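Student: Quick one: the structure is below, and I'll ask about it shortly.
Rule-based calculations on the coordinates, nothing more; no lab input. Computed from a prediction, not measured in an experiment: that's the story for all the values here. Note that each Cβ is placed from the backbone with ideal geometry, even for glycine, and that neighbours are counted across all protein chains shown.
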Amino acid sequence: MNRGAFYALLLAMLTTSLGVGLIVPLLPIYASNLGAGGIWIGLIFGANPLVRGAFTLVVGGLADRREKKSLMSWGLLGYAAVSLAFLFSRTPMHLFLARMAQGAFSAMIMPVARAYAGELAPKGREGVTMGQFALAFTVGFAIGPLAGGILNDNFGMAAPFLGMTGLSVLAWLFVRLSVPPRFPTAEGLARHGGLDVRPLKDRQVVGLIAGRTLGELGRGIFTALMPVYGSEQLLLSTSQTGLIVTMRSGAESLMQPVSGKASDRLNRRTVCMVGFVLMPIALFLAPTARSFYSLALVGLFLGSSSGVSVPAAGAISVEKGRQYGMGSMMGLEAAAQALGMAAGSTIGGTLMQLFSVTVAFWAAAAAALAGAVIFGSLTRGYVNGQADAVLVTASPGARVSSRGRHPAAPACNRFLDAPEPTPAPAPSSTAQ
C-alpha cells in the first residue's frame with residue numbers, strides 16, 4: 001500500500017469533514033432565522049445531497065478514466081469558495097442555491113477519495129482499510145459540530161462558515177502536495193463513457209444500494225430535524241445540539257475500527273445487518289426524548305448503528321468495485337447515500353410542517369427498517385472475497401464467475417451483457 005498517499009487522503013477527509021461539521025447544527029437554525037419554515041428547512045438541508053447524488057453518478061465514472069487528483073482539487077477549491085456564499089445569504093432561496101452549489105462540488109471529493117482508498121486496500125483487509133477511511137471522516141464530523149456551536153455562541157454565525165472555508169483550503173493543500181494523480185491498479189480497469197450501470201445488474205449490489213439509500217433517508221430526517229427539535233421543544237442551546245451531533249459521530253467513530261476488523265473476519269453481510277437493524281430502533285426512540293441527556297442517548301445509539309454498518313458496507317463496495325470499476329461502484333454508493341439524505345431531509349421537513357416531528361421520526365424508523373429488510377433479502381449468499389456476479393434476473397444463488405480473469409477486465413462486460421452459455425451435457429450413467 002502507498003501509505004503516504006493513503007495518509008494524505010485521511011488528512012484531507014479529516015479536515016473536510018471537520019469543516020462541514022462546523023455548520024451542521026447551525027444550518028437549520030440559520031435558515032429558520034431567515035424565515036424558513038419546515039418545508040424550506042427540508043429543502044435547504046436536502047439540496048446538497050440531492051445535487052451531490054446526481055453529480056456523483058457522473059463523477060464516479062469519470063474517476064475511472066480521468067485524473068482523480070484534479071477532480072478532488074477542483075472540488076475542494078469550489079467547496080471553499082461556496083462556503084463564503086453562506087455569509088451573503090439573505091433569504092431561504094439564497095441558502096438553497098448555496099447548498100446546491102456546495103453539493104455539486106462535494107460530488108468531486110468524497111466518492112473520488114473513496115475510490116482512491118479502495119484501490120489502495122489490500123485484499124482481505126478491505127474492512128480495516130475502509131474503516132480507517134470512514135473513521136477520518138467521522139472524527140472530523142464529530143469534532144466539528146461542537147466546535148461550530150462554540151464558535152457561534154462566542155463569535156457569531158459567520159465564524160463557523162469562515163472556518164469551513166479555511167479547512168477546505170487546507171484539505172486542498174494536502175491533496176496537491178501528497179496525493180499522486182493515479183494509482184497503477186486503476187490502469188487495467190475497463191473504461192465506460194458516461195454513466196456506468198453495470199453494477200445494477202448484480203442483485204447483491206442492488207441490495208447494498210437499497211439498504212444504504214433507505215438507511216440514509218432515515219438518518220437524513222434525524223439530522224435535519226434534531227437541531228430544530230432540540231432548540232424549539234427541549235430549549236437546548238446550539239452548543240448542546242452541536243454536542244449531541246458530536247456524541248453521535250463520536251460513537252460512530254469508535255465503532256468503525258471494531259466493525260472494520262470484524263468484517264474482515266466474519267461475514268460482512270452479517271455485520272451490515274446488525275447495524276441496519278439497530279438504526280430503526282434508534283430512530284423510533286428519537287421523539288420520546290424529553291431532555292438533553294435522553295436525546296444524547298438516542299444520538300449515541302444511532303451513531304453506533306452507523307459505525308457497525310459503514311465499514312462492512314464499504315468493504316463490500318471495494319470487492320464489487322474491483323469487478324466493475326472502483327469509481328463507478330463508489331459513485332453509485334455515494335449517490336445512494338446522498339439521494340437518501342436529500343429525500344430524508346425534504347420528507348422530514350414536510351412531515352414536520354404537515355403533521356408533527358414525531359410523525360417525521362417514525363417515518364425515519366420505517367424507512368430504515370425497510371432498508372434492512374431489502375438488504376437482507378437481496379444480499380443472501382454473499383461470501384467475503386467472492387468476485388462472482390449475482391444477476392438480478394438469475395435464480396436464487398446463481399452466479400456468473402469471473403475466476404481466472406482480471407477482476408475488472410472487459411470480459412466482465414461479456415458475462416453481464418451476453419446470454420449465459422449452455423451447460424455441457426452430463427456424463428452418461430453407463431460410462432466407466
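Student: Can you tell me the alpha carbon radius of gyration of the stretch 1-133 divided by the globular rule-of-thumb value 2.2 N^0.38 Å?
Tutor: This ratio for the stretch 1-133 stands at 1.16.
Student: Starting at the first residue of the stretch 75-81, write each ³J(HN,Hα) from the Karplus equation 6.51 cos²θ - 1.76 cosθ + 1.60 with θ = phi - 60°, in whole Hz, x for Gly and Pro.
Tutor: Rounded to whole hertz, the list is x, 5, 5, x, 4, 5, 5.
Student: Assuming 1.567 mPa s and 4 °C, estimate D for the stretch 276-339 with Stokes-Einstein, Rh taken as the Kirkwood radius over Cα pairs, in µm²/s.
Tutor: 97
Student: How long is the stretch 61-138 along each principal axis, judged by its Cα atoms, biggest number first, in Å?
Tutor: So the three principal-axis extents are 51, 28, 16 Å.
Student: Which part of the stretch 111-152 falls in the paramagnetic zone of K261, meaning amide N under 16 Å from the point 7 Å along Cα-to-beta-carbon?
Tutor: Once the point is set 7 Å along Cα→Cβ of K261, 125-133, 135 turn out to lie under 16 Å by backbone N, inside the stretch 111-152.
Student: If I take R0 = 45 Å and measure r between the Cβ atoms of T270 and L97 in this structure, what FRET efficiency does the formula 1/(1 + (r/R0)^6) give, to the nearest 0.05?
Tutor: 0.55
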